[in-house]
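The values are calculated or read from the model by the stated rules, or taken from the named source; none is laboratory data. None of these values were measured; they are calculated from a predicted model. Backbone-built Cβ (ideal geometry, glycine too); neighbour counts: all protein chains shown. Calculation scope for accessible area: heavy atoms of the full protein, side chains included, ligands and nucleic acids excluded. Shrake-Rupley method; radii C 1.70, N 1.55, O 1.52, S 1.80 Å.
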Amino acid sequence: MKFGNWKFVYNGAARTRHGYLNLAPVILILLVFALLPATTHADSLVEVHITGEPELPWPVRNELAEIFADTLNSVIYENEASFDITVSDPVELAEAFRTGINLAIEPKGYTVGELVLDMDPSGVTADFLVHPIGWSAVSPGAVTDVEIILAGDGIGQFWINRYSGRLEENTVAILDVYHEYLVGLPVNASDDEWALGIVEPHLLADSPVPDYFPGYDITYSIDLDTVATVSIMLDPVEDVIELIRPRMYSMTLPNVVLDRLRERLLAEADFIEGMPKSEVDDASDEIALKLTAALEDDIIAEQFEAYMSVNIITLDDDPVVRIDVIAESRRYDLRLETFVDFSNEERDTAEVECRAGFLLTRGMEIFVNFNFFTNDSTLETDVALGFRPGRGTFIGFGFDLEREAGKYFFEQEISRGLVLRGEIFEDDQLNEFGMTYQFQQYLSGGFFTNGDNEFWARAIFTL
């Protein structure tokens with residue numbers, strides 16, 4: 001039987017003069033085909049148009065279009081049902097299509113609110129108006145906005161604050177992508193993974209977040225609600241810091257104090273371990289400020305009125321960050337060292353030197369210098385006035401009580417751990433000029449001369 005151009009519109013319950021129609025055959029056929037995996041038929045004669053209210057994410061719209069087109073094509077052109085759709089009642093046909101499709105898609109979170117079919121011998125055009133389940137004029141039943149949060153599992157608060165700021169700086173670019181794929185997803189679906197599973201691969205592929213966090217493996221957790229929440233989890237995987245190596249330097253504080261500060265430093269710096277080296281490099285100034293504040297707040301540092309200078313250095317060939325700390329007191333000058341000299345018979349002995357000073361004002365101090373010689377168990381004492389015109393520079397003018405003569409001291413830091421130092425006596429034979437290098441917190445070494453053809457090596461143990 002030939003049929004012309006038919007247009008069937010359904011928006012409401014189907015009813016004829018004979019009462020409600022028996023739609024079971026068509027509905028069952030539609031349900032079977034709609035639940036099958038969606039495939040695109042190259043020879044399909046059905047053209048589907050979908051309008052979403054609210055707008056659907058394009059991957060969901062495309063998926064629904066395939067389901068609708070395959071289902072209509074199968075029922076209209078491929079099924080062997082006992083009824084003939086070409087002579088079916090138009091209202092019954094529209095109701096059958098709409099009801100059957102809704103049986104399949106409503107658990108997935110969507111419903112067809114209106115269906116317009118344009119029947120033509122050359123093909124069928126179907127216009128669908130689709131709503132999320134629970135849609136009304138005052139409640140969309142769908143995602144309307146997106147928020148981003150940074151999950152803090154395994155990452156210290158320092159990094160959470162820093163990375164949250166980075167996300168905030170790029171919020172517009174990130175939300176442009178997330179809105180495209182998440183706004184319009186249903187929030188009342190019984191199968192809440194269906195629509196999300198369709199858009200998620202596209203969202204992850206287009207997300208700009210990995211560009212802002214090189215060196216991290218990024219995973220996402222998406223919670224659908226009126227305001228969808230995207231939780232971003234960062235797992236450091238590239239060139240991470242495995243070891244913190246602290247170095248403490250001071251010209252005024254003894255090692256017993258530096259040890260306490262070193263323990264505090266390691267405790268405060270543990271948030272660096274496991275982080276990408278590139279991130280530590282980028283945040284080195286902020287890390288230094290954080291550690292400086294923590295060290296200066298330590299009770300020992302407060303008792304000695306100490307101030308800190310912290311420098312963060314990552315090593316190129318090792319998963320190591322070195323933290324150099326200069327700690328100096330604003331009130332005291334305390335030092336205890338043991339010297340062991342070699343290569344000079346007159347000086348091959350051990351000497352213990354102790355300096356106890358009190359700063360009168362910034363850059364000026366009075367101090368007492370005690371020298372104990374182990375070979376003859378003698379103690380020599382100096383009383384002096386010292387000046388520190390700058391960090392790393394020390395000049396002292398004193399009086400040698402043993403010899404009742406003047407004596408001078410000087411120290412000049414050339415670079416971190418490398419120091420030029422000396423003591424000048426009235427008797428030139430007793431002079432000491434030398435260059436020392438601090439190998440680690442307790443051990444230094446150097447070479448000395450008296451300026452009169454005497455040279456010797458010295459090991460220095462700083463206690």
Qualifying position, being of a type outside the set (D, E, K, R), open to solvent by 40 Å² or more (accessible area, probe 1.4 Å) and out of contact with any helix residue (DSSP H, G or I) (no Cβ under 8 Å at 6 or more places or on another chain), among Ser329, Ser343, Ser309: Ser343
Residues satisfying the stated conditions in the stretch 137-154, i.e. over 29 Å from Tyr216 (Cα atoms), open to solvent by less than 40 Å² (accessible area, probe 1.4 Å) and assigned to a loop (DSSP other than H, G, I, E, B): Gly141
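Evaluate the stretch 376-390: report whether one residue or more is among the acidic types (Asp, Glu), part of a strand (DSSP E or B) and over 46 Å from the mean Cα position of the chain (by Cα). Working first, answer last.
Step one: list which residues in the stretch 376-390 are among the acidic types (Asp, Glu), which gives 376, 380, 382.
Retained after the next criterion (residues that are part of a strand (DSSP E or B)): 380, 382.
Still in the running and over 46 Å from the mean Cα position of the chain (by Cα): 380, 382.
The answer is yes, given that some residue of the stretch 376-390 is among the acidic types (Asp, Glu), part of a strand (DSSP E or B) and over 46 Å from the mean Cα position of the chain (by Cα).
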Every residue from the stretch 93-126 that is open to solvent by 40 Å² or more (accessible area, probe 1.4 Å) and modelled with pLDDT under 90: Arg98, Leu103, Glu114, Asp118, Asp120, Pro121, Ser122
Which numbered condition Thr314 misses (of (1) under 19 Å from Met251 (Cβ atoms); (2) open to solvent by 10 Å² or more (accessible area, probe 1.4 Å)): (1)
Positions within the stretch 400-425 being open to solvent by 50 Å² or more (accessible area, probe 1.4 Å) and touching a Gly at 6+ places or on another chain (Cβ under 6 Å), in sequence order: Phe410
Some residue of the stretch 346-361 being open to solvent by 70 Å² or more (accessible area, probe 1.4 Å), over 55 Å from the mean Cα position of the chain (by Cα) and over 18 Å from Arg403 (Cα atoms): yes
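Checking the conditions here, which among Phe367, Phe448, Phe397 is in a strand (DSSP E or B) and modelled with pLDDT under 95?
On the way: Phe367 fails: modelled with pLDDT under 95; Phe397 fails: modelled with pLDDT under 95.
Unique residue meeting the criteria: Phe448.
Which fully enclosed strands (runs of 3 or more DSSP E) of the stretch 196-298 have 2 or more residues being touching a residue at least 60 places away in the same chain (Cβ under 8 Å) and under 14 Å from the mean Cα position of the chain (by Cα)?
Fully inside the stretch 196-298 and qualifying: 227-236.
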Residue among Phe410, Phe367, Phe433, Phe461 that alone is closer than 23 Å to Ala327 by Cα, free of Cβ contacts under 8 Å to residues at least 24 places away in the same chain and out of contact with any helix residue (DSSP H, G or I) (no Cβ under 6 Å at 6 or more places or on another chain): Phe410
